[in-house]
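Participant: Mind having a look at this structure? Questions to follow.
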Amino acid sequence: MKKYHKIETVHLRDEKTHKLTENFRNKKVEYLKDNEWIFTEKIDGTNIRVLWDGHTFTFAGRTDKAQIPKPLFQRLTDMFLNDEMEQVFEQKFGENNVMLYGEGYGVKIQNGGAYSDTQEFILFDVEINGVYLDKENVNDIASSLGLNVVPIIDVGYFNDIQTAVEYIKTNPQSQLGKKDMEGVVGVPKVRLFDENGDRLIVKIKTKDYKER
């Protein structure tokens, strides 16, 4: 099953001190830094993939060999493996390959007890036949399926990269529970891709900017 791609941080680390610098990892991100981006909360949990192959659902962690915690696996089973959800997917997606990317979070997953005292699934990305959907469509699908979706974060001003960094430096609280936000994930408001066909997407983690 296809793995979710790695998301790069915005800035490079100094090779000697390993501290974060002002230098950008990706020249394309640097070029677009003053444009408007869409930021969503980065959840501290475990990566979960839900595949609909046109007929059945398959669950997996970040890798095919990763073990899904039993309470979380049961939660996924309850959410997806029922006649109602299968009928919704058949009607909405037909025999298209649909991959739901989400985060399993909650008690006993990372520091997720501050999010929830149960283990839950929250959606952050959708891929249909190899194409990632934009955030508006992801949110629409989450709504139609009755799934929770990662919150969109308004970092202020024009929602550019530097404003997001300054927002993260304030150590904001998560919108899911009583804990500090792990960070944000950002994509350009207009979906853009690099020369390899990979979409532009970045993460800005709170702990990285506590070091500076």
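The values are calculated or read from the model by the stated rules, or taken from the named source; none is laboratory data. Note that the coordinates shown come from a computational prediction; the quantities given were computed from them, not determined experimentally. Glycine gets a Cβ as well: all are built from the backbone with ideal geometry, and neighbour counts include every protein chain shown.
Participant: Looking at 30, 15, 36, 22, which is the one that is under 14 Å from residue 194 (Cβ atoms) and in the same structural domain as residue 186 (by TED's automatic domain parsing)?
Facilitator: Working: 15 fails: under 14 Å from residue 194 (Cβ atoms); 36 fails: under 14 Å from residue 194 (Cβ atoms); 22 fails: under 14 Å from residue 194 (Cβ atoms).
After ruling out the rest, the residue left standing is 30.
Participant: Filter the range 20-46 down to the residues that are in contact with a Gly (Cβ under 6 Å, 6 or more places away or on another chain) and outside any loop (DSSP other than H, G, I, E, B), then identify the one that is farthest from residue 145 (Cα to Cα).
Facilitator: So, considering only residues that are in contact with a Gly (Cβ under 6 Å, 6 or more places away or on another chain) and outside any loop (DSSP other than H, G, I, E, B), the one farthest from residue 145 (Cα to Cα) is 37.
Participant: Please tell me if residue 81 is buried (at least 16 other Cβ atoms within 10 Å of the Cβ), modelled with pLDDT of 95 or more and over 17 Å from the mean Cα position of the chain (by Cα).
Facilitator: Values: buried (at least 16 other Cβ atoms within 10 Å of the Cβ): no; modelled with pLDDT of 95 or more: yes; over 17 Å from the mean Cα position of the chain (by Cα): yes.
Against the criterion (buried (at least 16 other Cβ atoms within 10 Å of the Cβ), modelled with pLDDT of 95 or more and over 17 Å from the mean Cα position of the chain (by Cα)), residue 81 does not qualify.
Participant: To continue, here is another question. Would you confirm whether any residue within the range 155-163 is among the charged types (D, E, K, R) and assigned by TED's automatic domain parsing to the domain that holds residue 176? Give the derivation first.
Facilitator: Taking the range 155-163 first, the residues among the charged types (D, E, K, R) are 160.
From the residues that got through so far, the ones that are assigned by TED's automatic domain parsing to the domain that holds residue 176 too are 160.
Yes.
Participant: When you look at residue 166, is it within 22 Å of residue 26 (Cα to Cα) and acidic (Asp, Glu), yes or no? Outline the logic, then answer.
Facilitator: Numbers: within 22 Å of residue 26 (Cα to Cα): yes; acidic (Asp, Glu): yes.
Yes, satisfied.
Participant: Go through the residues of the range 51-64 one by one and say whether even a single one is closer than 30 Å to residue 165 by Cβ and surrounded by fewer than 16 Cβ atoms within 10 Å (Cβ to Cβ).
Facilitator: Scanning the range 51-64 turns up at least one residue that is closer than 30 Å to residue 165 by Cβ and surrounded by fewer than 16 Cβ atoms within 10 Å (Cβ to Cβ).
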